[in-house]
Amino acid sequence: MLKLLFFGYYGEGNLGDDLLLKSLITVFGDKYNLGVLTNRSDRKQQQKGIREFYKFSTDVFKGVRWADVVVGGGGGIFQDKTSSRSFYYYIFVLFLSLLFGKRVYLLGQSFSPLESKINEVFLRVFLNRIEKIYVRDSFSKEYLVKLGVKPEKIVLSADLVFLLDFPFELKNNSRAVGISLREWRGFKFEEFNPILENLIQKYGEFYFFSFQDKDSQIYELIENDFKSKIRLINPTDLEFLSYFSSCRLFIGMRLHSCILSVLLGIPFIAISYDEKVEAFCYEIDWKFVIKDFSQDKILCYVNEIEEDYQYYRNYLLSKRESLRKKIREDILDFEREICRL
């Protein structure tokens, strides 16, 4: 049986990346032997029969040598906005895989302009040496072509989370609002408090969804008068997706809060802290995107969504089906590729 090794931001307590890995396990688990480079803080894959390799040790060498095919499984991991250290780590995984003569693919990736020119050189050199790159938005494809990556290596695809089915019914009579905020330079989260004050007068329930443990630090910046009316949902909460599906409306910074909103048919307002959020909304032709905590714009968008709520819900559900169809086709294409080994 063919052995696939996945690498990404796995085992770091980020719900979005954990969903990406869950998607891969769901699709490939019964067909191939699977391994994953992960942080040992996450033991779930081992319980599912997935072979673990600790990503910050010599296990990386063992994992790459064990594999027949090495796969970058989703996310925007080749970035240097937060740090060049993680960028070089993933470049090293590519280098090691090619050194050992492994075939390398990237699935469901997004790319945004790198801040370092030398990092752009590294990215161009290594991406031109791997087999194929499935990107999740057209912005990423255009950037890679501009960077000098061979166009024939790039496939416009979709996010891997669209491979998942969630067993939750749509709740048409809900009055709950979901919020997802994350730390990012330039954002003053205290400016969100007046927006909450207005929304609390309009809606009955509020949930603050923490997609990573440090998101809860933003929750602490909410004024105490409002905090008592907003329930914090942590990424380890077993009812996370159930609470999410109960929302009527969502306001989110995290990309996968927007993707989950599409999957569950929840109209949302995206706060684009990074190009990948705006790129996703552009891909589905969704206009409710802002780049700051503009109270007037958010409240205007809320009113516009409510005026034609069912239309926007149905629109998102139709986009969900088209994205599901696309990613499933691309997974079949990927499998045809690796079965030629």
Open item on the list: Residue under question is Tyr203, and the condition is that it be among the hydroxyl-bearing types (Ser, Thr, Tyr) and part of a loop (DSSP other than H, G, I, E, B); does it hold?
Closed with: yes
- [ ] Could you tell me whether the stretch 272-293 includes any residue that is buried (at least 16 other Cβ atoms within 10 Å of the Cβ), of a type in the set (A, V, I, L, M), under 23 Å from Ile230 (Cβ atoms) and more than 19 Å from the chain's Cα centre (by Cα)?
- [x] no
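Scan the stretch 111-136 for residues that are in a loop (DSSP other than H, G, I, E, B) and more than 24 Å from Val69 (Cα to Cα) and jot them down.
Ser112, Pro113, Leu114, Glu115, Ser116, listed by residue number.
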- [ ] Go through the stretch 74-110 residue by residue and tally those that are in a strand (DSSP E or B) and aliphatic (A, V, I, L, M).
- [x] 3
Open item on the list: Name the residue that is modelled with the highest pLDDT, counting only residues in the stretch 165-191 that are part of a loop (DSSP other than H, G, I, E, B) and crowded, with 16+ Cβ neighbours inside 10 Å.
Closed with: Leu181
- [ ] Among the residues of the stretch 55-66, count how many are of a type in the set (A, V, I, L, M, F, W, C) and either within 23 Å of the chain's Cα centre (by Cα) or within 14 Å of Gly8 (Cβ to Cβ) (or both).
- [x] 2
TODO: Tell me which of these Glu152 doesn't satisfy, since it passes every other one: (1) over 21 Å from Leu24 (Cβ atoms); (2) without any contact (Cβ under 8 Å) to a residue 60 or more places away in the chain; (3) crowded, with 16+ Cβ neighbours inside 10 Å.
DONE: (3)
Open item on the list: Just checking, does the stretch 232-242 include any residue being farther than 29 Å from Ile327 by Cβ and either under 22 Å from the mean Cα position of the chain (by Cα) or not assigned by TED's automatic domain parsing to the domain that holds Glu329 (or both)?
Closed with: yes
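So, in the stretch 143-163, exactly how many residues are assigned to a loop (DSSP other than H, G, I, E, B) and in contact with a Leu (Cβ under 7 Å, 6 or more places away or on another chain)? Working first, answer last.
Looking only at the stretch 143-163, we keep the residues that are assigned to a loop (DSSP other than H, G, I, E, B), and these are 148-150, 157-159.
The next check asks that each one be in contact with a Leu (Cβ under 7 Å, 6 or more places away or on another chain); those that pass are 149, 158.
The qualifying residues number 2.
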Open item on the list: Let me spell it out: the conditions are (1) among the acidic types (Asp, Glu); (2) modelled with pLDDT of 90 or more; (3) more than 21 Å from Gly75 (Cβ to Cβ), and Glu220 meets all of them except one. Which number is the exception?
Closed with: (2)
Task: Residue match in the stretch 208-216 (condition: surrounded by 17 or more Cβ atoms within 10 Å (Cβ to Cβ), in the same structural domain as Ile251 (by TED's automatic domain parsing) and assigned to a strand (DSSP E or B)) - done: yes
- [ ] Go through the stretch 260-274 and give me each residue that's in a loop (DSSP other than H, G, I, E, B) and farther than 16 Å from Tyr207 by Cβ.
- [x] Gly265, Ser272, Tyr273, Asp274
TODO: Kindly indicate whether any position in the stretch 303-321 is in contact with a Gly (Cβ under 8 Å, 6 or more places away or on another chain), part of a helix (DSSP H, G or I), in contact (Cβ under 8 Å) with a residue 24 or more places away in the chain and under 18 Å from Ser138 (Cβ atoms).
DONE: no
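The values are calculated or read from the model by the stated rules, or taken from the named source; none is laboratory data. The model shown is predicted, which means the values in this text are computed figures rather than measured ones. Virtual Cβ from ideal backbone geometry, glycine too; neighbours counted across all protein chains shown.
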